[in-house]
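See structure below.
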Amino acid sequence: PIIPSNFIGNSTQSAIHSGVVFGVVNEIEGVVASYKSKYSDLTVILSGGDANFLCKQFKISIFAFSNFLLEGLNFLLEYNSNK
């Protein structure tokens with residue numbers, strides 16, 4: 001993914017791109033803020049293919065681990081294979 005050069009696009013493509021990237025970032029930051037108001041020691045882990053890209057856009061502290069699910073599944077496989 002590419003970071004949009006402007007918050008407001010100057011073409012249909014750049015407007016959609018900017019809206020998607022900044023919309024997702026603001027949505028996640030809003031949800032995290034709601035949870036942090038209730039759970040002050042909250043740790044947020046962002047996973048998935050775009051985790052590292054998105055993490056760089058946040059103004060809040062989020063741990064990004066793009067292979068979190070795969071590492072967890074591999075751990076379970078190895079754990080159950082050794083029984």
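The values are calculated or read from the model by the stated rules, or taken from the named source; none is laboratory data. Since this is a predicted model, take the numbers as computed values, not measurements. Glycine also receives a Cβ, built like all others from the backbone with ideal geometry; neighbour counts cover every protein chain displayed.
Let's see how each residue does on (1) part of a helix (DSSP H, G or I); (2) under 26 Å from G72 (Cβ atoms); (3) hydrophobic (A, V, I, L, M, F, W, C):
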site: S18; (1), (2), (3): yes, no, no
site: N26; (1), (2), (3): yes, no, no
site: A33; (1), (2), (3): yes, no, yes
site: D41; (1), (2), (3): no, yes, no
site: L54; (1), (2), (3): yes, yes, yes
What do you reckon, is I2 among the β-branched types (V, I, T), in a loop (DSSP other than H, G, I, E, B), modelled with pLDDT under 85 and on the phi < 0 side of the Ramachandran plot? yes
State whether the residues of region 64-80 include one that is touching a Leu at 6+ places or on another chain (Cβ under 7 Å), touching a residue at least 12 places away in the same chain (Cβ under 8 Å) and surrounded by 12 or more Cβ atoms within 10 Å (Cβ to Cβ). yes
Among residues of region 1-50 being within 19 Å of A64 (Cβ to Cβ) and among the hydroxyl-bearing types (S, T, Y), the residue surrounded by the fewest Cβ atoms within 10 Å (Cβ to Cβ) is T43
